[in-house]
There are 2 protein chains.
Amino acid sequence: MTTIFLKQITTFTKTIVKMDFQVKFDINDRIYLRNPENSEVGKLMVKKAIDLIYELGFEQFTFKKLAIEIHSTETTIYRYFENKHRLLLYILNWYWCYMEFLVTFKLENVTDKKERLKIIVHLLTHELAESTSKFDYNKAFLNQIVIAESSKVYLVKDVAEINRSEVFKPYKDLCAKIAEVISEYNSDYKYPRSLSTTLIETSHHQQYFSVNLPKLTDISSNKNSEFTSQFIEDFLFKVLGQSGDEMV
Amino acid sequence: MTTIFLKQITTFTKTIVKMDFQVKFDINDRIYLRNPENSEVGKLMVKKAIDLIYELGFEQFTFKKLAIEIHSTETTIYRYFENKHRLLLYILNWYWCYMEFLVTFKLENVTDKKERLKIIVHLLTHELAESTSKFDYNKAFLNQIVIAESSKVYLVKDVAEINRSEVFKPYKDLCAKIAEVISEYNSDYKYPRSLSTTLIETSHHQQYFSVNLPKLTDISSNKNSEFTSQFIEDFLFKVLGQSGDEMV
DNA sequence: TCATTTAGTATAGTATTACTATCAAGTGTA
DNA sequence: TACACTTGATAGTAATACTATACTAAATGA
């Protein structure tokens, strides 16, 4: 069980929503050897892993460096996670679950189908709200990890074997959730899932490119998340039609 | 200088074109320490690297394994490439240059603006034609490497430093070339470069997902390159408008 | 033609990575 | 009190990602 502390002020869609409560969700127990949520070292391990992967990049990140950071040993970390790939997968599972929760939460009571899609685009292209809890993960870092490292969990030779343990389920669920909102908007559209993953993946690499390889984008200013958001929204409504439930 | 041997029969767009000639292009000399094209070991090194990276995946690929494969030593390989990341970059530079050449070549004398875009989508979503030359790279393997490993050359912490040596120029050029054809088709479209990279990247991961994580797509049959091609084409012409030079 | 540079090979060695094994100490609980 | 369970300390291994040195053969060039 993972606890999310939500304490944020959202000024999105002209309403101000203040949240301050807890949510819990499960993470597939085949990702870890021992649940990091059940101990202090475990929780510290994941939190500091996010800081270190952000700082060093996944390739330079090692269990040795993490052990030093949390004043523990490699042995202890290996008791929780088989290897660093699994730890990254754990972090991303947390993110995918959290994102699916946020989508569900933010769409609550929003009936306008276009608005529902806009909310999703906004969530995918803007940073997660920082929580005030000291025990929570650094959302700005988590966001950068999702953008720069997430493809490394599935672009591996043994993806088939890894996939068998259902560790990509939260990504698939998020994809299905967004696909559902797409189909609600335009039930004739033939590729809701592919469009869903395209939205997710494109929001990652357009953000990455606009910062690191701007010539691969059309960014002009330095407001890259606004840029990505506009690009994605523009193509989404051109693909699905400007007004809901009818083909163009 | 790199030599391409083209020997292929294309049945695309109802015409049969038979090609059998050579093309050469330069690869940025800051990628390598010594030009692999200038020696037999060098050429064998790159060719076998493609085979090995395909077979093992980039993470499991090492210079030691490559040395054994080409009956040479690690030392020799290190004289050509600083590290395996640079070797992958060399292979991808070759691919990006080749793809830009293919785009230019296949668009020659095609005036219909929609047809021009369709040709690009076809090139991005279908396997490269295999050449008959024994000395040439294995195109099927190269294709899989581009799909599964290409993002690993830019999703690294030191991307800024790597970018300074202009090693991503062929990717940027390919992006600019496609962006040009997009703008020709619809001069009002605001994001030609972002759409261009989205086409390239999306064609990679939709192909990857349709084979390895099909739930993230809408694939039904097993003809995944046809599927990706249809999805991308549908997407592209909805974004740019069904008929050229007018906004929908 | 002889001297010099260049390319490839052989061998050796280092620091780090990615683990595994063993055992002792502390803590919680039945 | 005894046992399970977790963590830590220490040690060790095979592989990785290199670097250094020195020798040989071939090409170049004055």
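The values are calculated or read from the model by the stated rules, or taken from the named source; none is laboratory data. Being a predicted model, the structure only gives us computed values, none of them experimental. Ideal geometry is used to build each Cβ from the backbone, glycine not excepted, and the neighbour counts take in all protein chains shown. Calculation scope for accessible area: heavy atoms of the full protein, side chains included, ligands and nucleic acids excluded. Shrake-Rupley method; radii C 1.70, N 1.55, O 1.52, S 1.80 Å.
Can you tell which of A:191, A:208 is surrounded by 16 or more Cβ atoms within 10 Å (Cβ to Cβ) and either free of Cβ contacts under 8 Å to residues at least 60 places away in the same chain or in contact with a Phe, Trp or Tyr (Cβ under 7 Å, 6 or more places away or on another chain) (or both)?
Just a single option satisfies the conditions, and that option is A:191.
Do we find a residue being over 11 Å from residue B:32 (Cα atoms) and away from DNA strand D (no atom under 16 Å from the Cβ) anywhere in the range B:73-89?
no
Please state which of the following conditions residue A:224 fails to meet, knowing it meets all the rest: (1) touching a Ser or Thr at 6+ places or on another chain (Cβ under 9 Å); (2) more than 8 Å from every other protein chain (Cβ to nearest Cβ); (3) open to solvent by less than 20 Å² (accessible area, probe 1.4 Å).
(3)
Of the residues A:199, A:236, only one is part of a helix (DSSP H, G or I), under 19 Å from residue B:241 (Cβ atoms) and not aromatic (Phe, Trp, Tyr); which?
So the residue among A:199, A:236 that is part of a helix (DSSP H, G or I), under 19 Å from residue B:241 (Cβ atoms) and not aromatic (Phe, Trp, Tyr) is A:236.
Give just the number: which of (1) closer than 23 Å to residue B:54 by Cβ; (2) away from DNA strand D (no atom under 16 Å from the Cβ); (3) touching a Lys or Arg at 6+ places or on another chain (Cβ under 6 Å) does residue B:69 not satisfy?
Checking residue B:69 against (1) closer than 23 Å to residue B:54 by Cβ; (2) away from DNA strand D (no atom under 16 Å from the Cβ); (3) touching a Lys or Arg at 6+ places or on another chain (Cβ under 6 Å), the one that fails is (2).
Tell me, which residue of the range A:45-66 that is among the charged types (D, E, K, R) and more than 12 Å from DNA strand D (Cβ to nearest atom) is farthest from the chain's Cα centre (by Cα)?
A:65
Quick check on the range A:178-188: of everything there that is free of Cβ contacts under 8 Å to residues at least 60 places away in the same chain and over 16 Å from residue A:103 (Cα atoms), which residue is surrounded by the fewest Cβ atoms within 10 Å (Cβ to Cβ)?
Filtering the range A:178-188 for residues that are free of Cβ contacts under 8 Å to residues at least 60 places away in the same chain and over 16 Å from residue A:103 (Cα atoms), the one surrounded by the fewest Cβ atoms within 10 Å (Cβ to Cβ) comes out as A:188.
Which members of the range A:141-160 meet the condition of being part of a helix (DSSP H, G or I) and open to solvent by 10 Å² or more (accessible area, probe 1.4 Å)?
Residues satisfying the conditions are A:141, A:143, A:144, A:147, A:148, A:149, A:151, A:152, A:160.
Here is a yes/no grid of residues against (1) aromatic (Phe, Trp, Tyr); (2) part of a helix (DSSP H, G or I):
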| residue | (1), (2) |
| --- | --- |
| A:37 | no, yes |
| A:44 | no, yes |
| A:49 | no, yes |
| A:58 | yes, no |
| A:61 | yes, no |
| A:79 | no, yes |
| A:92 | no, yes |
| A:101 | yes, yes |
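Give the residues of the range A:83-105 that are over 15 Å from residue A:143 (Cβ atoms) and either touching a Cys at 6+ places or on another chain (Cβ under 7 Å) or within 16 Å of DNA strand C (Cβ to nearest atom) (or both), sorted by residue number.
A:83, A:84, A:85, A:86, A:87, A:89, A:90
Which one is nearest to residue B:172 (Cα to Cα) among residues in the range A:177-227 that are at pLDDT 95 or above and among the acidic types (Asp, Glu)?
A:218
Could you list all residues from the range A:55-69 that are open to solvent by 70 Å² or more (accessible area, probe 1.4 Å) and facing chain B (nearest Cβ under 10 Å)?
A:55, A:59, A:60
Take residue B:239 and tell me if it is among the hydrophobic types (A, V, I, L, M, F, W, C) and open to solvent by 20 Å² or more (accessible area, probe 1.4 Å).
In short, no.
Take the residues in the range B:161-177 that are in contact (Cβ under 8 Å) with a residue 12 or more places away in the chain, away from chain A (no Cβ under 11 Å) and part of a helix (DSSP H, G or I); name whichever of them is nearest to the chain's Cα centre (by Cα).
Among those residues, the one meeting the criterion is B:170.
Which residue is most open to solvent (accessible area, probe 1.4 Å), if the candidates are limited to the range B:106-140 and must be polar (S, T, N, Q) and farther than 17 Å from residue B:223 by Cα?
Filtering first and then ranking leaves B:109.
Select, from A:24, A:47, the only residue that is more than 14 Å from every other protein chain (Cβ to nearest Cβ), more than 13 Å from DNA strand C (Cβ to nearest atom) and at pLDDT below 95.
A:24
Specify which of the listed residues (A:198, A:202, A:217) is without any contact (Cβ under 8 Å) to a residue 40 or more places away in the chain, at the interface with chain B (Cβ under 10 Å from one of its Cβ atoms), of a type outside the set (Asp, Glu) and over 24 Å from residue B:210 (Cα atoms).
A:217
Examine the range B:137-150 for a residue that is within 19 Å of residue A:148 (Cα to Cα) and not hydrophobic (A, V, I, L, M, F, W, C), and state whether such a residue exists.
Checked the range B:137-150: at least one residue is within 19 Å of residue A:148 (Cα to Cα) and not hydrophobic (A, V, I, L, M, F, W, C).
Within the range A:110-132, is even one residue closer than 20 Å to residue A:58 by Cβ and more than 16 Å from DNA strand C (Cβ to nearest atom)?
yes
Residues in the range B:112-124: is at least one farther than 26 Å from residue B:240 by Cβ and away from DNA strand D (no atom under 12 Å from the Cβ)?
no
So which residues in the range A:57-82 are without any contact (Cβ under 8 Å) to a residue 12 or more places away in the chain and near DNA strand C (Cβ under 9 Å from one of its atoms), if there are any at all?
Passing the criteria: A:59, A:60, A:64, A:73, A:74, A:75.
Pairs under 7 Å by beta carbon, first residue over 7 Å from residue B:80 (Cα atoms) in the range B:33-47, partner more than 10 Å from DNA strand C (Cβ to nearest atom) and open to solvent by less than 30 Å² (accessible area, probe 1.4 Å), six or more apart or different chains?
B:37/B:2; B:45/B:66; B:46/B:90; B:46/B:91; B:47/B:137
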